[in-house]
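Structure, as structure tokens:
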Amino acid sequence: MDELTALREYRREIAELPELAITGHLERAKARFTTRRENPHDARTKQARIPALRVLAPIAAAAVVAVIAVSVLVPRHSDSAAAAVLHRAADATVAAAPPALAPGQYLRVIATESSLAYVGAPSGTDDYTGAYVSPSVTATWIPKDQKSTWVREQYVERATTFYDETAAAAASAAEQAAADYASEPHQGDPDSITRAKGGKFSNGELGGDPDGEITPADLPSLPRDPQKLLDRLAQVPDAGVARSERVLTAASDLLATGLVPAELQSAIYDALALLPDLVVTRHQAALDGRTGTALGVKSKPGVDRTEIIVDDTTGSYIGRRTIQGAAVGPVPAGTVSSSTAVSIAVTSDAP
Amino acid sequence: MDTDRTTAPKHAADDFGELFDRHSRPLYIYLARRTDETVAEDLLSETFLIAFERRALFDRDRTQALPWLFGIATNLLRRHRRQELRGYRAMSRSIEASHVDPPNASDDRLDMRRALGGVARALAQMPTAVRETVLLFAWAELSYEQIATATAVPVGTVRSRLNRARTALRAVPGALETLTGADHG
């Protein structure tokens with residue numbers, strides 16, 4: 001599932017018109033085309049009709065998502081174990097020396113993302129027969145003066161893992177990956193590098209940040225008191241998502257910016273430790289070559305679960321991943337459906 | 001791979017009839033989703049008429065006629081852009097106004113209506129090129145390469161426009177969760 005799911009539902013009733021209706025439309029259009037092609041100088045046939053806007057048809061039925069019950073992951077430790085990990089991470093963060101930028105230097109934040117791309121479903125259905133893992137990289141160079149120009153490079157890399165139900169489905173997934181340009185690396189493509197003053201990349205052009213969203217500009221004013229910070233994180237606009245999940249996502253979004261000062265990062269960990277339903281989901285979770293402790297909110301069977309991965313010995317935020325709660329086509333429940341690893345470094349130049 | 005190389009460059013009238021039969025359905029559905037069923041009939045016939053008139057300009061190196069036809073249809077849709085935007089805004093407003101919903105409407109149904117209203121609003125706010133790209137991807141199901149052909153831009157531009165559209169759609173509150181059955185809190 002992705003952010004295009006809702007878009008695909010919008011006006012779907014048109015794609016699901018009765019066969020007879022579609023055939024009728026096509027026959028009338030073909031007759032008009034044929035007549036006009038054979039009588040190109042007939043002004044009457046060239047006159048296009050533009051009827052008044054019709055009232056949009058009723059909304060399509062809800063997407064039917066096959067939810068297959070699977071055994072929920074049982075935490076190996078109690079909630080206090082999660083709190084202990086987070087408090088250790090909070091202490092380690094304060095002790096670690098934050099990266100300091102000299103004039104002309106940049107903070108380079110590399111987010112390496114891997115997402116499952118499902119393929120093979122007949123149009124308008126979720127009956128996928130195959131899938132592949134599509135890796136992508138977003139590298140952001142943030143200048144010392146954050147009001148000046150930031151640089152961002154984004155590109156997809158070669159698809160890595162293919163899931164299939166049959167040999168034909170595997171071929172189809174590979175073909176789809178090729179069609180999606182996932183079979184080749186794309187570093188250096190035109191448009192892969194963008195620049196934005198003050199870090200205002202495309203989101204601003206599309207109407208700005210939604211109300212309540214936390215941006216880097218808000219970092220200095222965020223509360224350092226864990227409970228107050230928790231309340232603020234819960235206010236991010238993400239309606240429909242349970243509070244703990246919303247907090248976890250908002251916290252990881254902030255940590256992934258690379259801009260969170262040590263004392264705030266420490267407060268974020270302490271704030272997350274207040275979530276009553278946060279559990280250690282895996283003690284040795286590997287992401288992008290690094291290992292840390294995975295923490296997630298208890299989820300119902302069949303529902304995807306978000307986890308953050310933290311190195312509690314250094315306080316480093318390693319990344320975030322989503323575990324698929326139900327099987328989708330050939331991809332079993334429990335598979336990591338998306339992950340983002342974050343690494344931060346100081347560089348002396350930017351592309 | 002499906003190819004129209006033999007029929008595309010110098011289409012006889014019969015060939016064009018065949019081309020119509022082959023590609024008219026996805027084109028019609030796409031046009032109807034972006035306008036309405038009646039306007040789409042006109043736009044579909046107009047698309048093929050323009051294709052027929054310009055058949056000599058059809059690039060011999062192109063192996064597929066479908067993206068070329070979608071490109072023509074996309075240009076024609078720009079004439080209907082204001083009408084299309086009015087549709088999205090009307091949809092968005094009608095849902096915002098429906099906070100007082102019928103007492104028998106189910107919560108899921110109402111969540112769905114609101115999520116789709118958010119999608120309509122996001123579509124209305126997108127720059128034209130971004131909206132065209134994401135709709136060619138999500139509704140017409142063209143590949144990146146086909147969209148690049150249809151809209152005459154490099155594939156990298158298609159990718160960045162899709163990223164922008166995805167960012168905008170991700171910001172629609174509740175859309176994903178409502179449609180995918182995630183936990184409500």
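The values are calculated or read from the model by the stated rules, or taken from the named source; none is laboratory data. This structure is a prediction, so every number in the text was calculated from the model and none was measured. We place every Cβ from the backbone using ideal geometry, glycine too, and count neighbours over all the protein chains shown. Accessible surface areas use protein heavy atoms only, side chains included; no ligands, DNA or RNA. Shrake-Rupley method; radii C 1.70, N 1.55, O 1.52, S 1.80 Å.
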* To do: At 1.4 Å probe size, with no ligands or nucleic acids counted, give the accessible surface of A:K144 in Å², nearest ten.
  => 110 Å²
* Structure fact -> Distance in nm between A:R224 and A:K300 label points, each 7 Å along Cα→Cβ, equals 4.1 nm
* **Per residue value of the accessible surface for the range A:220-351 (all protein chains in place, 1.4 Å probe), Å²** => 37 Å²
* Asked: If you stretched the chain out fully between A:T149 and A:L101, how much longer would it get, using 0.36 nm times the residue separation minus the C-alpha to C-alpha distance?
  -> 15.7 nm
* Asked: Can you list the residues of the range B:129-153 with backbone N under 13 Å from a point 7 Å past the Cα of B:R166, pointing along Cα to Cβ?
  -> B:134, B:138, B:144
* For the residue pair A:L20 and B:R25, what label-to-label distance in nm results when each label sits 7 Å from Cα along the Cα-to-beta-carbon direction? -> 1.8 nm
* Structure fact -> Residues hit by the 40 Å² burial cutoff in the range B:23-48, accessible area with a 1.4 Å probe, assembly against chain on its own, are B:R25, B:Y28, B:I29, B:R33, B:D36, B:E37, B:T38, B:E41, B:D42, B:S45
* To do: Give me a single rounded figure for A:22-35: the average over its residues of other chain Cβ atoms within 10 Å of their Cβ.
  => 6
* Structure fact -> Residue-ordered couplings for the range A:273-279, obtained by feeding phi - 60° into the Karplus form 6.51 cos²θ - 1.76 cosθ + 1.60 and rounding to whole Hz (Gly and Pro as x), are 5, 7, 5, x, 9, 8, 10
* **Heavy atoms of A:D164 accessible to a 1.4 Å probe, total area in Å² rounded to 10** => 70 Å²
* Along the range B:32-44, what does the Karplus equation 6.51 cos²θ - 1.76 cosθ + 1.60 (θ = phi - 60°) give for ³J(HN,Hα), rounded to whole Hz, x for Gly and Pro? -> 5, 5, 8, 10, 8, 5, 7, 4, 4, 4, 4, 5, 5
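Count charges around B:I72 for me, please; just the other residues with Cβ under 9 Å from its Cβ, Lys/Arg as +1, Asp/Glu as -1. Show your work: numbers first, answer last.
On the way: positive: B:R54; negative: B:E46.
Summing Lys and Arg as +1 and Asp and Glu as -1 gives 0.
What does the net charge come to around A:T138 if you take all other residues with beta carbon closer than 9 Å to its beta carbon, with K and R at +1 and D and E at -1?
Counting the neighbours of A:T138, the net charge comes to -1.
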* Structure fact -> Accessible-area order for A:H283, A:H87, B:H23, largest to smallest, probe 1.4 angstrom, reads A:H87, A:H283, B:H23
* Structure fact -> Taking a crude spin-label model, label points 7 Å out from Cα along the C-beta direction, the A:D231 to B:T128 distance in nm is 4.9 nm
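Rounded to the nearest 100 Å², what is the buried accessible area between B and A, both sides summed, probe 1.4 Å?
Details: alone 10950 and 20180 Å², together 24640 Å².
Chain pair B/A: roughly 6500 Å² of buried accessible area.
What average number of partner chain Cβ atoms lie no more than 10 Å from the Cβ of the residues making up B:157-167?
Going residue by residue through B:157-167 and averaging, the value is 5.
For the range A:226-351, what does the convex hull of the Cα positions come to per residue, in cubic angstrom? Spell out each step's value before the answer.
Numbers: hull volume 18.2 nm³, N = 126.
Dividing the Cα hull volume of the range A:226-351 by its residues yields 145 Å³.
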